[in-house]
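Before I ask anything, let me first share the structure, which is written out below as C-alpha cells.
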C-alpha cells in the first residue's frame with residue numbers, strides 16, 4: 001500500500017530563510033534581563049535553614065535492600081537525597097546518615113532516622129533520583145541534638 005504522505009521517500013525542496021545576524025552584537029548590548037516577582041500565592045514552606053552537604057547515606061524500605069547515595073541538602077526537619085533507586089512507590093524510608101566529622105576526627109558519626117517521603121523525581125542535573133524526606137523519628141534522643149549542633153557549627157553553605 002502506497003501513501004501520498006510517505007515521509008521516507010519524499011524530498012523537501014523548501015528553502016529555510018537565513019536570519020540577518022550582522023547587527024547581533026548591537027542587539028545583545030541592548031538586551032535587559034527580565035525580572036519577575038515570586039508568585040503572590042507562593043509561600044515558603046521551609047521553617048528552618050537548610051545546609052548543603054555531601055554526606056553519604058544508606059536508605060532502606062522495610063529493612064530490605066540497602067540503597068546507597070548522598071545528601072544534597074539537609075535541615076533538622078528533613079533532607080533531599082540523591083540515589084540510583086526510584087522510591088516513587090514507597091511511603092516511608094529508613095536512613096543511615098554518615099555525618100562527616102570535623103578534623104582531626106576520621107570516623108563519621110552515623111545518625112539513624114525514620115523518614116516520610118515527600119517526593120521522588122529524576123534530577124537531570126545530577127543524573128540520579130532525588131527524594132525529599134521529612135524526618136519522623138531519630139534512632140536516639142541525642143541524634144537530632146547532635147545533627148543540629150553539627151550543622152550550625154561545621155557547615156558552611158546555608159540555603160534559606
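Where a number appears in this text, it was derived from the coordinates with a stated rule and is not lab data. This is a predicted model, so every value here is computed, not measured. Don't worry about glycine lacking a Cβ; one is built from the backbone with ideal geometry, like all the others, and counts go over all protein chains shown.
Below 8 Å, C-alpha to C-alpha, sequence gap of six or more: please give me the relative contact order for the range 50-159 in percent.
27 percent
Obtain the nm distance between the two label points defined at residue 92 and residue 118 by a simple spin-label model: each point lies 7 Å from its Cα along the Cα-to-C-beta direction.
1.9 nm
Let me know the volume per residue of the alpha-carbon convex hull for the range 50-159, in Å³.
It is 103 Å³ per residue.
Tell me, what is the FRET efficiency for residue 140 and residue 70 to the nearest 0.05, using R0 = 30 angstrom and their Cβ-Cβ distance as r?
It comes to 0.85.
Further, regarding this structure: Separation between the residue 58 and residue 109 pseudo-spin-labels, each 7 Å from Cα along Cα→Cβ, expressed in nm?
2.0 nm
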